[in-house]
1. Just going by the charge dipole of region B:37-237, with Lys and Arg at +1 and Asp and Glu at -1 on Cβ, which of B:101, B:157, B:67 is farthest out on the positive end?
2. Could you give the size of the charge dipole of the protein assembly as shown about its Cα centre, using +1 on the Cβ of each K and R and -1 on the Cβ of each D and E, expressed in debye and rounded to the nearest 20?
3. Which are the unpartnered cysteines of chain B, meaning those with no other cysteine Cβ under 4.7 Å from their Cβ?
4. Using a 7 Å offset from the Cα along the Cα-to-Cβ direction at both residue B:32 and residue B:234, what is the distance between the two label points in nm, to one decimal?
5. Counting only DSSP beta bridges with both residues in region A:3-204, what percent are antiparallel, rounded to the nearest 5?
6. Once label points are set 7 Å from the Cα along Cα→Cβ at both residue B:59 and residue A:237, what is their separation, rounded to one decimal in nm?
7. In Å, what Rg and Dmax follow from the Cα atoms of region A:48-90?
8. How crowded by other chains is A:72-80, given as the mean number of beta carbons from other chains within 10 Å of each beta carbon?
Amino acid sequence: MSDDSIAVEAVDVSKRYRQVWALRECSFQLPANRIIALVGANGAGKSTLMSIISGLLPATGGSVRAAGRVAILAQDKPLYRDFSVADMLRFGRSTNRVWDQQRALSWLARFEVPLDRPCGRLSGGQRAQVALAVTLGTRPRLLLLDEPLSNLDPVARTEVTGELMAEAADSDMTVMLSTHIVAELSGVSDHLLLLASGRPVLTGDVDDLLAAHTRLSGPRADRPPSPGTVVASQHTDRQSTFIVRTPCTAPATPVVAPGWSSQPLSLEDLVFTYLKSSGTAHRSAEAAA
Amino acid sequence: MSPTTQSPLAADSRSGSLDIAAGRSGGFSGLLWLTWRQHRWALIGALVLAAALTGWMAYLAADLTDIYHQCNNTLCPDNSVQAAELSANFGSFRIANDLLQFVEYLPLLIGMFLGVPLLAREHEQRTLLLAWSQDVSPQRWLWTKLALLGTVVAALTAALSGVCDHLAQVMADVSNGGLFEGSMFMDSGMLPLATGVSWFAVGVALGAAAKRLMPAAMTVIVGYVGADLLTQWRYPTLITPVSRFVPFPPPPGTGPGVNALKVKGGIQIGPDQVVNLFDSAGHPVDYAALSSHCPNFGLGPDTLTSCLTRDHYQTFLEYQPADRIPEFHLILAAGHLTLGAVALLALWLTVRRTPLTAG
């Protein structure tokens, strides 16, 4: 990837809080102008990674580089409760070198947030919109959203994700959103970074990753009938199920032996499979240690 | 590509309302507005209180000056109308004294209501990440706000210090001294300015350390009262006092003088003991010796005084002369300002170690 096409590049990034490693030797490149899902279980290191990318938190080791202005919106979407919405926009203008008032106003108008109301008297959804408006008003090239949809009802989630996708498409903005609720990501993100126990275990374009993985079910066997890396396997007395990552050279539809069936994976299945297998591997490593 | 910590500018100007640098966005005026918007009620309260106190004390000083002039610029005679006015319960002198005592505790209020909330409220309301994740760096955000609020505190306490100093001088005139004692000493010589600025810094530092408003405010109260008590106890001997034996009766010009601070002096005669009484050779006199030389001293003060005079008894006097007042003010102001500087250093270290994470 050329420099312009990379939004974030991390090389061996680690972060330790006293004796606990939150991140360990994370290396990855994330493409620009995309919506990137940062997925992981609670405590996987998502917030720490975002804080390091934003420059708020120094890494213990390694380096991170991001293209252009970086803005971050924390999980609890903090606002000054006694500020009116208009005051919050003025706060954004007062504390940033670049400020797009029109962009912030149009975001608020889309969600019909009253400008003169104190933030403390807004609904949870409206507060989230104000926090997003302030963040978008800074015109970031990279927008980091930590659990952005956690306080929103299902309708608001759909609206916000839709508008965010439109904003990202209209401007040269890369959006990185973290979540541990994979169902939220369906149809939203086009790139995935999966963290487990502070390490990246899967990264790539969502479509490519889904195309490269398949679920094979058939009679009891020690190995799947087609080439590829076994990500996870499950066996009963009479049946075996393999989640296989096919090599790049393999055909899109794997050759399946008689008695075997092949099924594509959903994004949710893919994430769960990797989280589960990395959790098992982590526990085994700990037990061995 | 650029390091994230440098927050590089990569804006386009497609939008017609885009503000870019040049003082329009993120500049000093922005932080000025933010400081005003966040602390306006505390600032308005401080301004109103300072104006009220300054005006009231200036009026009282004028009133007391008028009384002093009526008494021909000397101590008013005991039975005069002016003396009665000065000793009245709600007279100008008593009110002025009460106001000076109140002013002595103003730095406490400054620390609690202007210092502590600066960072403790951001921690408590979880808005610190919001404040510190913008283009304005945390250090610039903090030190600009500190400078702005500190300037207001300095201006208000300087005005108060000037008026307090004038009022204390007038009160000393009408009461024949006292400038080296109590609130009249603590509120004169620009000490309110030094203590106000110092305890503002202490309040900010405690707010940053405690990260909660109430615990930090309580600590300010305890700390200030403790520091005040320590000062009251320790300041009379910050410089070695002038000391000498004074005979009975003290010859003219041998006393400590107007506005001096008496550290040790006067004799105490109690049951079976005598304190601070010496014979003409400078040896301590005990109760038995006093009873032997002055068998009738219990009959009254005149009898005692005549006996002490006759036998050339002496007492030991320790005092700080009035001309040392500016020196003492300077020492105390330096002490407070050092405390403020230590608080700022602690604040800097605390802020540097404050972890910021999005989660």
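1. Toward the positive end, the furthest listed residue is B:157.
2. For the protein assembly as shown, the charge dipole is close to 2000 debye.
3. For chain B, the answer is B:164, because their Cβ atoms have no other cysteine Cβ under 4.7 Å.
4. Computed distance between label sites residue B:32 and residue B:234 equals 4.1 nm.
5. 50 percent
6. Inter-label distance under the simple model: 10.0 nm.
7. Values for region A:48-90 (Cα only, Rg and Dmax): 14.0, 41 Å.
8. Going residue by residue through A:72-80 and averaging, the value is 6.
Any read-out appearing in this document is the output of simple, stated calculations on the displayed coordinates, not a laboratory observation. Worth saying up front: this structure is predicted, and the values here are computed from it rather than measured. We place every Cβ from the backbone using ideal geometry, glycine too, and count neighbours over all the protein chains shown.
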